[in-house]
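The values are calculated or read from the model by the stated rules, or taken from the named source; none is laboratory data. Keep in mind that what you see is a predicted model, and the values were worked out from it rather than measured. No Cβ is skipped: glycine too gets one built from the backbone with ideal geometry, and neighbour counts run over all protein chains shown. Keep in mind that these areas ignore ligands, DNA and RNA; they rest on the heavy atoms of the full protein, side chains included. Shrake-Rupley method; radii C 1.70, N 1.55, O 1.52, S 1.80 Å.
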Amino acid sequence: MNKKLKKSLLLIIAAGLLFALSWLPIPQNLQIGLLLVSYFIVGWEIILKALRNIIRGQVFDENFLMSLATFGAWYLGEYAEAVAVMLFFQVGEFFQKYAVNRSRQSISALMNIRPDYANVLRHNKIIKVSPEDVKVGEIIVVKAGERVPLDGLITKGDSSLDTAALTGESLPRDVTKGDEVLSGCINLSGVIEVKTTKEYGMSTIAKILDLVENASSQKAELENFITRFAKWYTPIVVFLALFIAIIPPMLGFDTFREWSYRAITFLVISCPCALVISIPLSFFGGIGAASKCGVLVKGGNYLEALSKVHTAVFDKTGTLTKGKFVISEIRPQGISKEKLLETAAYIESMSSHPIALAIKAAWNQKFDLSRIDKIEEISGKGITAEFDGKKVAAGNIKMLQDFGVSLPQKVANKTAVYIVIDGKYSGFVAVEDELKNDAPAAISSLKQQGITQTVMLTGDNKHIAAKIGKILRLDKVFAELLPADKLAKLEQLMKQKPTGSTLVFVGDGINDAPSLARSDIGIAMGGIGSDAAIEAADVVIMTDEPYKIVDAIRIARGTVLIARENVIFAIGVKFLVLGLGACGLASIWAAVFADVGVSVIAILNAVRALRLYKK
């Protein structure tokens with residue numbers, strides 16, 4: 001419990017003790033004195049807030065309602081009731097602050113991944129500096145127990161990294177020389193030296209912190225509804241209270257005191273605390289629950305949209321498959337296998353595509369870049385260049401068609417890079433990719449959750465796409481798509497979904513940025529280190545596990561259900577007791593307990609959102 005909560009609790013206890021003492025058989029003046037002190041202890045902050053808001057032109061809020069109701073009670077001589085209203089209102093406020101603090105703890109745990117310092121190796125000496133002062137390309141030393149301060153590549157040492165704060169996974173990840181490390185991970189054993197690849201401001205940790213800090217600014221439609229509701233609801237109940245206090249006694253129905261008491265009771269009951277706090281708290285808790293399992297949601301609006309998913313669209317490479325290709329076949333025509341592989345490796349030398357990485361890894365020799373010139377990438381088709389003075393093209397069937405080259409034999413169920421040298425077909429290098437281990441379970445679970453349509457969009461050949469679609473039991477598969485074709489197909493799917501439902505697109509966050517941005521909800525898979533993922537996606541999954549999408553949708557639906565429960569419960573009870581209060585069937589005591597009780601129950605229900613994720 002933080003200092004502010006402890007202070008609030010102590011004030012409530014002190015005021016409660018004085019309130020209890022006032023019920024002892026003591027002189028009336030002393031009793032009133034105790035009640036005044038008790039009222040001041042718990043009420044001065046509320047009254048001060050009400051006055052400040054009135055000065056700012058924001059008259060109608062819960063502080064104004066409580067102040068007006070208690071002043072009225074004092075005026076009518078209902079001293080104990082006046083104190084009770086403030087005391088129990090503060091009890092409700094305490095539960096609210098405690099619940100918000102609990103919700104923030106899940107986010108705070110993520111915020112604690114901010115590194116305090118970096119050990120930089122300069123002039124053969126280790127210097128401790130701020131992470132912001134480290135430049136790209138410098139070597140940092142990370143000792144056992146320290147947090148990795150910046151993104152980079154390991155140049156020396158082996159270790160195990162605790163990635164729980166980033167990914168939600170409890171198992172450590174073993175790393176060695178050449179492996180990439182992300183800022184925010186904890187080095188569990190050994191000493192590693194890391195060559196930084198990004199400045200602190202562009203590092204993974206900085207992006208995550210910025211995303212989390214701004215998550216609550218994007219409100220869900222349900223939250224906006226409550227804001228609009230409270231804006232009109234509060235002034236209406238104030239004027240109704242005035243009507244109750246003035247009109248009936250003017251018409252001869254009972255005394256002014258009787259109807260004023262009913263009006264005060266009406267004001268106490270009408271306080272919209274339960275709605276105003278419990279709905280945002282539900283979504284805040286849902287965002288916190290998602291972060292625990294390694295899913296970062298940029299706002300409550302995206303969480304709400306996730307609860308309405310009708311169509312789930314997936315990219316293939318790096319999303320449903322591991323994206324780590326291996327050479328499965330080399331079939332030359334007119335040249336040797338070694339020369340074909342060398343040519344393919346040089347053409348792909350400047351590319352970071354997973355297929356290019358597989359070809360370069362298979363060749364595994366140093367490049368003499370003076371041998372290659374005029375490299376040009378043709379989107380969705382391949383690469384052209386001059387290699388050893390010859391014009392070379394490496395790509396898919398579409399590229400062969402552009403060059404007017406006929407293919408002797410198509411490669412089925414494999415991804416092939418066809419090579420054309422000086423306009424002549426020279427063979428192909430085939431690579432294969434594996435499905436991610438949890439991909440079948442993810443698609444199956446999405447269908448069980450009621451996702452009506454699962455679709456795959458890929459630039460790969462139709463034979464491979466059909467094979468994967470059959471294994472995963474996808475509803476639709478579209479293959480051999482250029483980036484523009486993929487976006488056009490997504491537009492068609494968006495038009496076909498039912499009104500009020502949403503479409504989610506899941507991609508690797510690099511090549512799929514346009515689709516991520518265009519869909520109702522863009523989910524970047526394993527793209528936490530990618531600028532494109534952070535910018536274009538609405539949800540970022542910090543691991544390469546498709547099953548996290550299932551967790552995210554389940555958390556979203558649970559959060560929205562909790563928020564709706566609170567709306568129905570709070571409004572239902574409020575209007576019921578308001579009616580009883582207006583008819584004189586509920587006292588101020590009943591109003592106090594109704595208001596505080598509804599608030600506490602709604603807040604405790606909202607906190608349930610934090611427990612929606614279970615490992």
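Could you give the spread of the C-alpha atoms of the stretch 322-434 along their three principal axes, from largest to smallest, in whole angstroms?
So the three principal-axis extents are 35, 32, 29 Å.
Gap in Å between the Cα centre of the stretch 255-270 and the Cα centre of the stretch 456-529?
Going from one Cα centre to the other spans 60 Å.
If N is the number of residues in the chain, what value comes out of its Cα radius of gyration divided by 2.2 N^0.38 Å?
1.28
Please report the carbon-and-sulfur percent of the accessible area for the chain; probe 1.4 Å, protein heavy atoms only, DNA, RNA and ligands left out.
Carbon and sulfur together cover 58 percent of it.
Find the Cα radius of gyration of the stretch 248-336, compare it with 2.2 N^0.38 Å by division, and give the number to two decimals.
Normalised Rg, Cα atoms only: 2.58.
Take the alpha carbon atoms of the stretch 422-450, find their center, do the same for the stretch 32-75, and report the distance between the two centers in whole angstrom.
Between the Cα centre of the stretch 422-450 and that of the stretch 32-75, the gap is 65 Å.
Based on the mean of other Cβ atoms within 10 Å per residue, sort peptides 465-475, 553-563 so the most packed one is first.
For the peptides 465-475, 553-563, the packing ranking is 553-563, 465-475.
Among 50-62, 278-290, how do they line up by average Cβ neighbours within 10 Å per residue, starting with the highest?
In decreasing order of mean packing, 50-62, 278-290 become 278-290, 50-62.
Could you please tell me the mean projected area of the C-alpha convex hull for the stretch 246-300, averaged over all directions and given in square nanometres to one decimal?
Computing the convex hull of the Cα atoms and averaging its projections yields 5.1 nm².
Just want the answer: with Cβ charges of +1 for Lys and Arg and -1 for Asp and Glu, which residue in Asn187, Val420, Ala385 is farthest toward the dipole's positive end in the chain?
Asn187
With a cap of 16 neighbouring Cβ atoms within 10 Å, and only residues DSSP puts in a loop, list the trypsin sites (Lys or Arg not before Pro) found in the stretch 364-393.
Listed in order of number, the matching sites are Lys366.
Are there GluC sites (Glu not before Pro) in the stretch 386-467 that DSSP puts in a loop and that have at most 13 other Cβ atoms within 10 Å, and which ones?
Sparse-neighbourhood loop GluC sites (Glu not before Pro): Glu434.
To make sure I understand the rule: partners must be lysines, Cα under 25 Å from the Cα of Lys497, and not fewer than 8 residues away in the same chain. Which ones qualify?
The reachable lysines, counting only those whose Cα sits under 25 Å from Lys497, are Lys219, Lys298, Lys308, Lys316, Lys447, Lys462, Lys470, Lys476, Lys486, Lys489, Lys548.
What number comes out for accessible area per residue over the stretch 305-409 if the probe is 1.4 Å? Units Å², please.
On a per-residue basis, the stretch 305-409 sits at 51 Å².
Counting DSSP beta bridges in the chain, what percent are antiparallel, to the nearest 5?
75
Compute and list, largest first, the equivalent-ellipsoid semi-axes of the stretch 341-402 from the alpha carbon gyration tensor, each √(5λ) rounded to a whole angstrom.
Value: 18, 14, 9 Å, ordered largest first.
Search the structure for amide H atoms under 5 Å from the amide H of Val309, placed 1.01 Å from N in the peptide plane, and list their residues when 5 or more places away or on another chain.
Thr502
For Lys7, which lysines qualify as cross-link partners when the Cα separation must be under 17 Å and same-chain residues fewer than eight apart are set aside?
Leaving aside lysines fewer than 8 places away in the same chain, those within reach of Lys7 are Lys97.
Among all the lysines, which ones have a C-alpha under 26 Å from Lys135's C-alpha, if same-chain residues fewer than 8 places away are not counted?
Filter leaves Lys125, Lys143, Lys156, Lys177, Lys195, Lys198, Lys207.
Summing -39500 (n - 2.57) over the DSSP H runs of n ≥ 4 in the chain and dividing by its residue number, what mean residue ellipticity at 222 nm do you reach, to the nearest 500 deg cm²/dmol?
Computed ellipticity for the chain at 222 nm equals -16500 deg cm²/dmol.
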